[in-house]
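Read the structure below first, then the notes.
The values are calculated or read from the model by the stated rules, or taken from the named source; none is laboratory data. Remember, it's a predicted structure, so these values are computed and weren't measured experimentally. FYI the Cβ positions are ideal-geometry reconstructions off the backbone, even for glycines, and counts take in every protein chain you see. Side chains are part of the model used for accessible areas, which takes the heavy atoms of the whole protein and leaves out ligands, DNA and RNA. Shrake-Rupley method; radii C 1.70, N 1.55, O 1.52, S 1.80 Å.
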Amino acid sequence: MIYLQLFLAFLQIGAFSFGGGYAAMPLIQNQVIDKYGWLSTSDFSDLVTISQMTPGPIAVNSATFVGNQVAGILGAIVATIGVILPSCIFVTLLAWLYVKYKNLKPLQEVLSALAPAVIAMITTAGLTILVPTVVPSGFANIATDVNIRAFVLFLVAFFVLQKYKTDPILVMVGCGVAELIVQFATSSL
Amino acid sequence: MNTKKLRKIFFSTLYLSSFTFGGGYVIVTLLKKKFVDELHWIDEKEMLDLVAIAQSSPGAIAVNGSIVVGYKICGIPGIICAVLGAIIPPFIILSLISACYTAFKNNSVIKALLLGMRSGVSAVIISVVYDMTKNVMKEKDISKIIILIASFIANYYFNVNAIFIILIVIVYGLIKAFIKARKEREVLK
């Protein structure tokens with residue numbers, strides 16, 4: 001039953017993404033690519049790119065996108081409800097605990113331990129996008145099949161982001177336009 | 001019940017969710033500006049606690065922030081209005097994009113743009129985790145560095161499920177909090 005699968009997958013994404021924003025990525029990857037195969041790695045990369053360029057959280061954007069792709073508008077609604085339901089429950093529960101005990105210390109201890117684990121898993125998600133872009137035929141062929149253009153684009157973008165703190169949207173659009181121009185110039189388009 | 005307040009909550013989160021780029025933390029700041037500084041429906045100190053609760057809960061920060069604000073002002077009906085306002089814009093935008101994506105994915109110009117942007121979005125993510133990792137290293141807390149490295153190896157090289165890693169770290173954090181609390185109690189004795 002596809003609707004139930006969508007609901008449960010996004011319920012887990014909603015329930016385990018601590019830290020907001022990028023923290024949802026490893027969980028989306030886990031459920032949507034690895035477990036159910038609803039999106040390919042390149043679709044996932046495009047989804048993350050689109051999420052960066054539109055308002056709205058990655059988790060909600062993914063629920064709507066994947067739901068629509070897999071099971072139409074009803075799928076999108078079911079997935080979106082799934083992804084926000086844990087928030088509604090946890091936030092209310094925490095608010096209640098907070099009013100009762102006026103103490104979030106144990107929770108803060110847990111969150112501070114979770115932060116490095118979440119960073120590590122976002123790195124994995126980032127590499128899941130980077131590696132197939134730079135080595136299209138898989139990491140094992142890194143010696144023979146490297147997309148130099150994609151790798152140079154990545155390095156330049158990374159440098160610009162770090163050095164000039166440029167708006168990420170601008171950097172991404174710049175990379176897209178650069179690729180388009182090169183393909184046009186070499187008339188492979 | 002105050003329908004005027006509910007309407008105001010709905011349109012405020014709807015507006016913020018439609019036009020705010022840059023993720024959950026930006027939205028939370030704007031929610032504070034709206035409901036604390038402009039409307040004076042929540043006082044400043046209370047808002048700080050609400051924001052802490054929103055950021056400590058799993059899920060999208062923008063959704064969590066809307067939930068706490070809606071709850072504080074109008075209870076459960078407030079939550080419903082705030083959450084609907086927060087998710088309707090990304091739902092509509094991503095549904096439209098999803099429909100276009102299927103139609104345009106194979107257009108050669110779009111294809112080239114998306115391919116180039118994959119390098120860009122990888123750079124954005126790697127740049128974010130690079131900064132986050134630097135901050136963890138600066139804390140010079142060995143346990144955090146171990147969690148970071150171990151989670152990465154487990155997740156990237158051994159494909160250990162993200163949810164499993166998160167659960168283990170939560171248990172670790174709880175044990176740590178428990179031991180700390182006990183020590184503090186002994187000191188008081």
task: Kindly establish whether B:Phe91 is more than 30 Å from A:Ile81 (Cβ to Cβ) and of a type in the set (Phe, Trp, Tyr).
output: no
Within region A:135-155, considering residues that are among the β-branched types (Val, Ile, Thr) and either out of contact with any helix residue (DSSP H, G or I) (no Cβ under 8 Å at 6 or more places or on another chain) or touching a residue at least 40 places away in the same chain (Cβ under 8 Å) (or both), the one nearest to the other protein chains (Cβ to nearest Cβ): A:Val152
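Kindly indicate whether A:Asn30 is at the interface with chain B (Cβ under 7 Å from one of its Cβ atoms), open to solvent by 20 Å² or more (accessible area, probe 1.4 Å), touching a helix residue (DSSP H, G or I) at 6+ places or on another chain (Cβ under 6 Å) and assigned to a helix (DSSP H, G or I).
On the way: at the interface with chain B (Cβ under 7 Å from one of its Cβ atoms): yes; open to solvent by 20 Å² or more (accessible area, probe 1.4 Å): yes; touching a helix residue (DSSP H, G or I) at 6+ places or on another chain (Cβ under 6 Å): yes; assigned to a helix (DSSP H, G or I): yes.
Taking the combined requirement at face value, the residue satisfies it.
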- request: Please find, among B:Ile97, B:Ile168, B:Ile92, B:Ile88, the residue that is facing chain A (nearest Cβ under 8 Å) and within 23 Å of the chain's Cα centre (by Cα).
  value: B:Ile97
- prompt: So, in region B:129-159, of the ones that are closer than 24 Å to A:Gln12 by Cβ and surrounded by fewer than 16 Cβ atoms within 10 Å (Cβ to Cβ), which residue ends up farthest from the other protein chains (Cβ to nearest Cβ)?
  reply: B:Phe158
statement: Counted residues in region A:127-146 being more than 19 Å from B:Lys111 (Cβ to Cβ), hydrophobic (A, V, I, L, M, F, W, C) and in a helix (DSSP H, G or I) come to 4
- request: Sort through A:Ala71, A:Ala117 and tell me the only one that's assigned to a helix (DSSP H, G or I), buried (at least 17 other Cβ atoms within 10 Å of the Cβ) and at the interface with another protein chain (Cβ under 8 Å from one of its Cβ atoms).
  value: A:Ala117
task: Could you list, in sequence order, all residues of region A:90-104 that are more than 28 Å from the chain's Cα centre (by Cα) and more than 7 Å from chain B (Cβ to nearest Cβ)?
output: A:Trp96, A:Leu97, A:Val99, A:Lys100, A:Tyr101, A:Lys102, A:Asn103
- request: Kindly indicate the residue of region B:64-110 that is small (Gly, Ala, Ser) and open to solvent by 50 Å² or more (accessible area, probe 1.4 Å) and also modelled with the highest pLDDT among those meeting that condition.
  value: B:Ala99
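Going by the conditions given, is B:Phe35 in contact (Cβ under 8 Å) with a residue 40 or more places away in the chain, away from chain A (no Cβ under 13 Å) and more than 24 Å from A:Pro106 (Cα to Cα)?
No.
Checking the structure you have, find out if any residue of region B:20-43 is among the polar types (S, T, N, Q), open to solvent by 70 Å² or more (accessible area, probe 1.4 Å) and over 25 Å from A:Gln12 (Cα atoms). Before the answer, list the steps.
In the first step, residues of region B:20-43 are kept if they are among the polar types (S, T, N, Q); the result is B:20, B:29.
With the extra rule that they be open to solvent by 70 Å² or more (accessible area, probe 1.4 Å), the set shrinks to B:29.
Now drop any that are not over 25 Å from A:Gln12 (Cα atoms), which leaves B:29.
Scanning region B:20-43, I find at least one residue that is among the polar types (S, T, N, Q), open to solvent by 70 Å² or more (accessible area, probe 1.4 Å) and over 25 Å from A:Gln12 (Cα atoms), so the answer is yes.
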- request: Starting from region A:165-189, take each residue that is closer than 19 Å to A:Ile148 by Cβ and list its partners that are open to solvent by 40 Å² or more (accessible area, probe 1.4 Å), counting only C-beta distances under 6 angstrom and pairs at least six apart or across chains.
  value: A:Gly176/B:Leu113; A:Glu179/B:Leu115; A:Leu180/B:Leu113; A:Gln183/A:Leu189; A:Leu189/B:Ser108
task: Residue by residue through region A:33-63, note down the ones that are within 19 Å of A:Leu85 (Cβ to Cβ), assigned to a helix (DSSP H, G or I) and either polar (S, T, N, Q) or at the interface with chain B (Cβ under 7 Å from one of its Cβ atoms) (or both).
output: A:Ala59, A:Val60, A:Asn61, A:Ser62
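Restricting to region A:82-109, give me the number of residues that are of a type outside the set (Ser, Thr, Tyr) and surrounded by fewer than 19 Cβ atoms within 10 Å (Cβ to Cβ). Spell out the reasoning first.
Let us first name the residues in region A:82-109 that are of a type outside the set (Ser, Thr, Tyr), namely A:82-86, A:88-91, A:93-97, A:99-100, A:102-109.
With surrounded by fewer than 19 Cβ atoms within 10 Å (Cβ to Cβ) added as a condition, the list becomes A:85, A:89, A:93, A:96-97, A:99-100, A:102-106, A:108.
Here the count works out to 13.
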- request: Collect the residues in region B:165-185 that are basic (Lys, Arg) and open to solvent by less than 90 Å² (accessible area, probe 1.4 Å), keeping them in residue-number order.
  value: B:Lys176
- request: Go through region A:143-181 and give me each residue that's open to solvent by less than 60 Å² (accessible area, probe 1.4 Å) and among the polar types (S, T, N, Q).
  value: A:Asn147, A:Gln162, A:Thr166
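Is it the case that A:Thr128 is touching a helix residue (DSSP H, G or I) at 6+ places or on another chain (Cβ under 7 Å) and among the hydroxyl-bearing types (Ser, Thr, Tyr)?
On the way: touching a helix residue (DSSP H, G or I) at 6+ places or on another chain (Cβ under 7 Å): yes; among the hydroxyl-bearing types (Ser, Thr, Tyr): yes.
Yes: the conditions hold for A:Thr128.
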query: Would you call A:Ile13 more than 7 Å from chain B (Cβ to nearest Cβ), closer than 30 Å to B:Ile126 by Cα and surrounded by fewer than 20 Cβ atoms within 10 Å (Cβ to Cβ)?
result: no
field: Close pairs (8 angstrom Cβ cut-off, 6 or more residues apart or separate chains): within 25 Å of A:Phe18 (Cβ to Cβ) in region B:39-54, assigned to a loop (DSSP other than H, G, I, E, B) anywhere
entry: B:Leu50/B:Ile42; B:Ala52/A:Leu104; B:Ile53/A:Leu104
